[in-house]
Amino acid sequence: MKLLLQRVSRASVSVGGETVGAVGPGYMALVGCRSGDTPEDADRLAVRAAALRVFEDAEGRMNRSVLDVGGSVLAISQFTLYADTRKGNRPSFVQAGDPVLAERLYDRLCADLRSLLGPGRVATGRFGADMRVELVNEGPCTIELVSEVATSPTASPRPRLPLPALEFVPVDTDALAARARAIAEAAWPPTYEGLIPPAQIPYMIERMYAPEAIRADTAAGSPFYLLRADGADAGVCSFDLTKRDERGGAELHKLYTLPAYWGRGLGRLALDEICRRCREAGATSVWLRVNKGNARAQKAYRAAGFANVRAVCTDIGGGFVMDDFVFVRPLS
């Protein structure tokens, strides 16, 4: 993974004549991904970019970081950073990463930078769009950063990024319902790839995330929430504070986070807050269903204090079923 950092006094990006991102003093960062890049590459580059000392101190020396000066970052996806021009006059882009993977890593980098710099200090372009970028390069100063994880194996520990600042936003308007659905449409395919038939994903999203479905669930006592991390949409959840099973358990209906936040601790933060709210509402436990093949989710739930108690398979129509384990976490 590669960053091309340009120190700027201002920068902006527009798509179709509309400004979609703008910053004042800080960086304009071109972001390139290649095959083999991992979330660790994004994490390390975010930490390095935030700590790089190329801003002037009181004596005029480049001795301060973008974090030190309270600067911002405009991050722009740029696959041409991996152009190969060694042969002929037409660049080859075979080193550039798959667009689906590259977008996830770009989103990861931006999420990391928000956690490091603070909400409102990271602006973005629109991945894959035809963009127009304007900037004033101060100095000029342009620095290239390349992640060592992709270029060579490393035994150094993964950077310890701060936990995201988590906010629960009630989904109580059609506009917020549309955002909740957009999160589901981004999170479900990588979550359920190879676990359920591809056609089942849009079928279930339509049943669960249409505005009328969200309104009905909320009226029945299971409100939806957007999960916002460092001021950005990061996930969605829904849980029941009114109904109880025969043992006093409250059901966690939905909890999904965007891939950019996987491994960042956001899901655990959300689980702990959900359990706290359910306990205060009088529940003795929280239970949920998780796909039998979803080993990643099962591992995360066990680490959060949940235990697998039984299997259940439900016909949901359309020729599809939900084949799950039931996990339970007691609330002391």
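Per this entry, GLY249 is not counted among residues that are touching a residue at least 60 places away in the same chain (Cβ under 8 Å) and closer than 19 Å to ALA187 by Cβ.
When VAL94 is tested against (1) closer than 25 Å to ASP130 by Cβ; (2) part of a loop (DSSP other than H, G, I, E, B); (3) at pLDDT 90 or above; (4) not acidic (Asp, Glu), exactly one condition is not met: (3). Residues that are at pLDDT 95 or above, out of contact with any strand residue (DSSP E or B) (no Cβ under 8 Å at 6 or more places or on another chain) and within 27 Å of PRO99 (Cβ to Cβ) do not occur anywhere in the stretch 49-70.
Here is a yes/no grid of residues against (1) over 21 Å from ILE196 (Cα atoms); (2) touching a residue at least 60 places away in the same chain (Cβ under 8 Å):
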site	(1), (2)
ARG228	yes, yes
GLY231	yes, yes
GLY235	no, no
GLY263	yes, yes
ALA283	yes, no
GLY293	no, yes
ALA303	yes, no
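Answer yes if at least one residue in the stretch 14-23 is touching an Asp or Glu at 6+ places or on another chain (Cβ under 8 Å), over 19 Å from ASP130 (Cβ atoms) and either without any contact (Cβ under 8 Å) to a residue 24 or more places away in the chain or not assigned by TED's automatic domain parsing to the domain that holds ALA229 (or both), and no otherwise. No, there is no match, as no residue in the stretch 14-23 is touching an Asp or Glu at 6+ places or on another chain (Cβ under 8 Å), over 19 Å from ASP130 (Cβ atoms) and either without any contact (Cβ under 8 Å) to a residue 24 or more places away in the chain or not assigned by TED's automatic domain parsing to the domain that holds ALA229 (or both). If the condition is being in contact with a Gly (Cβ under 7 Å, 6 or more places away or on another chain) and part of a strand (DSSP E or B), then the stretch 196-244 contributes only LEU227.
Which of the following residues is part of a helix (DSSP H, G or I), exposed (fewer than 13 other Cβ atoms within 10 Å of the Cβ) and among the hydrophobic types (A, V, I, L, M, F, W, C): ALA175, ALA186?
Details: ALA186 fails: exposed (fewer than 13 other Cβ atoms within 10 Å of the Cβ).
Selected residue: ALA175, the only one of ALA175, ALA186 that is part of a helix (DSSP H, G or I), exposed (fewer than 13 other Cβ atoms within 10 Å of the Cβ) and among the hydrophobic types (A, V, I, L, M, F, W, C).
Mind checking which residues of the stretch 180-226 are over 26 Å from GLU103 (Cα atoms) and either among the basic types (Lys, Arg) or in contact (Cβ under 8 Å) with a residue 60 or more places away in the chain (or both)? First the steps, then the outcome.
If we filter the stretch 180-226 for residues that are over 26 Å from GLU103 (Cα atoms), which is where we start, we get 207, 211-224.
Within the stretch 180-226, ARG207, ARG215 meet the criteria.
Restricting attention to the stretch 41-69 and to residues that are within 31 Å of the chain's Cα centre (by Cα) and basic (Lys, Arg), the residue that is surrounded by the fewest Cβ atoms within 10 Å (Cβ to Cβ) turns out to be ARG53. Taking the conditions (1) touching a Pro at 6+ places or on another chain (Cβ under 7 Å); (2) among the basic types (Lys, Arg); (3) over 24 Å from ARG264 (Cβ atoms) in turn, ARG108 satisfies each one other than (3).
The values are calculated or read from the model by the stated rules, or taken from the named source; none is laboratory data. Predicted, not measured: the structure shown is a model, and the values here were computed from it. We place every Cβ from the backbone using ideal geometry, glycine too, and count neighbours over all the protein chains shown.
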